[in-house]
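Worksheet: the structure to be examined is printed underneath.
Computed from the coordinates by the stated procedures, all read-outs in this text should not be read as laboratory data. Computed from a predicted structure; not experimentally measured. Cβ placement follows ideal geometry from the backbone for every residue including glycine, while neighbour counts extend to all protein chains displayed.
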Amino acid sequence: MDRHIRNIVIVGGGSAGWMTAAALGNALQKNCAITLIESEDIGTVGVGEATIPPILRFNQTLGIDEAAFVRATQASFKLGIQFVNWGKQDHSYFHPFGTFGRPFDLVNLHHYWWQAFQAGEATGLDDYCMAWSAAKRNRFAPPSPDPRHVLSTYDYAYHFDAGLYAAMLRTYAEAKGIKRREGRVVDVTLDSQSGFVRSVTLQDGQVIDGELFIDCSGFRGLLIEGALKTGYENWQHWLPCDRALAVPCASTSNFTPYTRSTAHQAGWQWRIPLQHRTGNGHVYASQFISDDEAARVLLENLDAEPLGDPKPLAFTTGRRRQFWNKNVVAIGLSSGFMEPLESTSLYLIQSGIAKLLTLFPDSTFDPALSTEFNRITLTEFERIRDFIILHYKLTTRDDSPLWRYCAHMDVPDSLKDSLDLFKRYGKIPSKELDLFGMHSWLAVHIGQLHVPERVDPLAAYRETDGAGWLARFKGLIEKAAESLPTHQAYIDQAGMNAAARS
Ligand code: FAD
């Protein structure tokens, strides 16, 4: 008996919808009709400009040429995120895509660094990071493929215009045979026996049937919540920001190959440089600041004139109780939301698509598949949640109600043990499915001024000259950074300048 699913419906045409359509169109080469429904009247969230390195893999899997992609989406390069005023005011640190130092001893570098720093023989941790050495000079080139070279110790991602990216993926998906239907879904029909979604009805009366439905309808979760009432777990007590105002401004000559996140009194502000403009947004907790005041703070902290009025967005941080329920898989904002502090939302879309392809169902919808999908997704969500909470919990600021609240709030048990292990021994637990590895956690612990009481006991048995190694490494990365082109020059030289080709 043929159990193949032959009819897939994607509801929603934001980044999630078109990323899913492109990836399914690429993977399911025959025997399946895929329809994407979107409503121009409703529109998309339209932000989502900063990414993390796995996005390269997503584009590569689709066979998208990097130079064409950078030009089409007005993209720039990203070596990490600079956090300003987070640990305390007038202080900053860098969360790099890459490592601090490089492996050189049985004991991890940061233990030697902490000993040397306390003895006055080393400077700040960021000074031993290749990605920051390049980023702070506004320099960029892709990493060296030679693992012996210090220029191989970093990775990169992009900043891009999310609307242009969705448009690019739409062209790609339509060329793969995906059918787009314009219209607002006004009704969802469930099977009376199984409770599965059988069809959706558009405002003009058209009924669109499907076997597998992908809910990419954004925060409203039209199918996963509206029709299936799956439920939502609220995480706002750990992550109190619930609103954002987004506004682009004109570009300036400060074309940084990194995102900047600046903490304010009741939230934080992102700065994301693209080729044609700089994206900005203020993410804030509405219980601690009014919308008008939040807008004032945002507009007072732009590089240049705003290019429009701030766009308001409201959200509830948390996650859907099931990400795959019956024959509906939620991908994108319909699955849950965590603030964009570490640029993880587009990654979670990518990861959701990859898991769906790995656990692709047939028409029996064996619950073993959805159970595994939900287990992995929950773990991924919780790991990212804990990493974002870390930034808030470790603040030493007490100048406003938000920071006082965060410094004293309770945190999930899964984060408590990480905090404790780092405090006592400077160690970072290795946890299943943690998107952020040791160097990311280290950057935030140290950057937020959370330092260990003692170093790895193993260091006492080593003859390694940690301080000497660190000094040599620092010289090496400074020299290597000076050899790189500026961020703008790299884009121009690589034929990626959108203005030059338009
Ligand atoms: P949406 O963009 O909301 O799209 C929903 C789609 O569903 C639309 O096409 C809409 O028309 C359609 N739809 C809804 N209802 C109906 C209906 N009844 N009938 C027909 N169609 C319907 N992510 C990052 O990775 N990096 C970032 O820097 C980043 N910054 C962010 C900043 C903020 C303030 C916010 C709120 C989010 C940010 N994100 C970021 C997240 C990112 O924007 C989203 O993950 C991404 O845009 C995906 O959204 P989506 O496609 O799920 O939903």
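Please report Met338, Met130 as a ranked list, fewest other C-beta atoms within 10 angstrom at the top and most at the bottom. Could you put the intermediate results ahead of the total?
Working: Met338 22, Met130 27.
By the 10 Å Cβ count, ascending: Met338, Met130.
Which of the GluC sites (Glu not before Pro) across segment 379-443 are loop residues per DSSP, with 13 or fewer other Cβ within 10 Å?
On the way: sites: Glu380, Glu382, Glu432; in loops: Glu432.
Passing sites in segment 379-443 are Glu432.
Mind jotting down the distance between the C-alpha centroids of segment 358-420 and segment 111-183, whole Å?
23 Å
Between Glu182 and Arg220, how many nm apart are label points set 7 Å from Cα along the C-beta direction?
My value for the distance between the label points is 1.8 nm.
Wrap a convex hull around the Cα atoms of segment 55-172, take a quarter of its surface area, and give that in square nanometres.
Details: hull surface 39.2 nm².
The directionally averaged projection comes out at 9.8 nm².
Cut-off is 10 Å between beta-carbons; in what order do Thr99, Thr259, Thr61 appear when sorted fewest neighbours first? Walk me through the intermediate numbers first.
On the way: Thr99 22, Thr259 27, Thr61 16.
In increasing order of surrounding Cβ atoms, one gets Thr61, Thr99, Thr259.
Using only the C-alpha atoms of segment 99-255, find the volume of their convex hull and express it per residue in Å³.
On the way: hull volume 44.8 nm³, N = 157.
About 285 Å³ per residue, rounded to a whole number.
Determine ³J(HN,Hα), in whole Hz, for all residues of segment 419-434 in sequence, where each value follows from phi through the Karplus function 6.51 cos²θ - 1.76 cosθ + 1.60 and θ = phi - 60°; x replaces Gly and Pro.
4, 5, 5, 5, 4, 7, 10, x, 10, 10, x, 9, 10, 4, 6, 7
Run through every distinct alpha carbon pair of segment 91-148 and return the Kirkwood hydrodynamic radius in angstroms, one decimal place. Please report the intermediate quantities before stating the final value.
Details: mean 1/r = 0.0783 Å⁻¹.
Taking the inverse mean of 1/r over all distinct Cα pairs, segment 91-148 comes out at 12.8 Å.
Can you tell me the FRET efficiency between Asn301 and Arg424 if r is taken as the Cβ-Cβ distance and R0 is 30 Å, rounded to the nearest 0.05? Numbers along the way, then the final one.
Working: r = 38 Å, r/R0 = 1.26.
E between Asn301 and Arg424, to the nearest 0.05, is 0.20.
Starting from the coordinates of the alpha-carbon atoms of segment 1-109, obtain the Kirkwood hydrodynamic radius over all distinct pairs and give the value in Å to one decimal. The partial results should precede the final answer.
Numbers: mean 1/r = 0.0550 Å⁻¹.
About 18.2 Å for segment 1-109.
Can you give the Rg to Rh ratio for the chain, taking only C-alpha atoms and Rh from Kirkwood?
Working: Rg = 23.4 Å, Rh = 24.0 Å.
Ratio of gyration radius to Kirkwood radius: 0.98.
If you wrap a convex hull around the alpha carbons of segment 369-457, what volume per residue comes out, as a whole number of Å³? All intermediate terms of the calculation are to be shown ahead of the outcome.
Values: hull volume 8.8 nm³, N = 89.
Taking the convex hull of the Cα positions in segment 369-457, it is 98 Å³ per residue.
Per DSSP helix of 4 or more residues, -39500 (n - 2.57); summed, then divided by the residues of the chain. What does that give at 222 nm, rounded to the nearest 500? Don't skip to the answer; put the middle values down first.
Details: 15 runs with 169 residues, N = 502.
After summing the helix terms and dividing by residue count, I get -10500 deg cm²/dmol.
Give me D for segment 67-110 in µm² s⁻¹, whole number, from Stokes-Einstein with Rh from the Kirkwood sum over alpha-carbon pairs, 10 °C and 1.306 mPa s.
Numbers: Rh = 13.6 Å.
For these conditions, the coefficient is 117 µm²/s.
Kindly give Rg over Rh for segment 361-400, based on alpha-carbon atoms, with the Kirkwood expression for the hydrodynamic radius.
Values: Rg = 17.8 Å, Rh = 12.8 Å.
Value, to two decimals: 1.39.
Out of residues 5 or more away from Gly98 or on other chains, whose amide H comes under 5 Å of its own, with H placed 1.01 Å from N in the peptide plane?
For Gly98, the qualifying residues are Asp155.
Any of Lys179/Lys355; Lys326/Lys416; Lys326/Lys393; Lys88/Lys427 with alpha carbons more than 26 Å apart? Name them for me. Walk me through the numbers on the way to the answer.
Numbers: Lys179/Lys355 23 Å; Lys326/Lys416 34 Å; Lys326/Lys393 37 Å; Lys88/Lys427 23 Å.
In this structure, Lys326/Lys416; Lys326/Lys393 lie more than 26 Å apart at Cα.
Per the Kirkwood definition applied to all pairs of different Cα atoms, how many angstroms is the hydrodynamic radius of segment 192-338?
Working: mean 1/r = 0.0568 Å⁻¹.
Value: 17.6 Å, from the Cα pair sum.
Note down the magnitude of the dipole of segment 182-251 about its Cα centre, charges +1 on Lys and Arg C-beta and -1 on Asp and Glu C-beta and zero elsewhere, to the nearest 20 debye. Please report the intermediate quantities before stating the final value.
Numbers: 5 positive and 10 negative charges, 53 e Å.
With Lys and Arg at +1 and Asp and Glu at -1, about 260 debye.
Counting just the Cα atoms, what span does segment 309-434 cover along each of its three principal axes? Round to the nearest Å and put the largest first.
If we take the Cα atoms of segment 309-434, the spans are 56, 47, 20 Å.
Count neighbours as other Cβ atoms within 10 Å of each site's Cβ, and list the GluC sites (Glu not before Pro) in segment 16-62 that are DSSP loop with at most 15 such neighbours.
Values: sites: Glu38, Glu40, Glu49; in loops: Glu40, Glu49.
Hits after loop and neighbour filter: Glu40.
Please give, to one decimal in nm, the separation of the simple spin-label points placed at Arg57 and Glu372, each 7 Å out from Cα toward the Cβ.
My value for the distance between the label points is 1.7 nm.
Name the residue farthest towards the positive end of the dipole of the chain from the options Leu419, Val451, His4, assuming +1 on Cβ of Lys and Arg, -1 on Cβ of Asp and Glu, about the Cα centre.
Farthest towards the positive end: His4.
Quick check on the exposure proxy: order His264, His391, His91 from fewest to most C-beta atoms within 10 angstrom. Before the final figure, lay out the partial values.
On the way: His264 19, His391 23, His91 16.
So the residues, fewest neighbours to most, are His91, His264, His391.
So what are segment 199-253's ellipsoid semi-axes, whole angstrom, largest first, if each one is the square root of 5 times an eigenvalue of the alpha-carbon gyration tensor?
Numbers: eigenvalues 215, 91, 18 Å².
Result for segment 199-253: semi-axes of 33, 21, 10 Å.
At 7 Å along Cα-to-Cβ for each site, give me the label-to-label distance between Thr171 and Leu449 in nm.
For Thr171 paired with Leu449, the spin-label model returns 5.0 nm.
First measure r as the distance between the Cβ atoms of Glu463 and Arg148, then evaluate 1/(1 + (r/R0)^6) with R0 = 22 Å and state the FRET efficiency to the nearest 0.05. Could the numbers behind the result be given before it?
Values: r = 24 Å, r/R0 = 1.07.
After rounding to 0.05, the efficiency reads 0.40.
Assuming 0.36 nm per residue, please report the length gained on full extension of the stretch His4 to Ser400 beyond their Cα-Cα distance. Before the final figure, lay out the partial values.
Details: separation 396, 0.36 × 396 = 142.56 nm, distance 5.70 nm.
Extra length from His4 to Ser400 when fully extended: 136.9 nm.
Using +1 at the Cβ of each Lys and Arg and -1 at the Cβ of each Asp and Glu in segment 25-134, identify which of Trp132, Cys32, Trp114 lies farthest towards the dipole's positive end.
Cys32
Using alpha carbons only, how many angstrom separate the centre of segment 299-337 from the centre of segment 1-80?
17 Å
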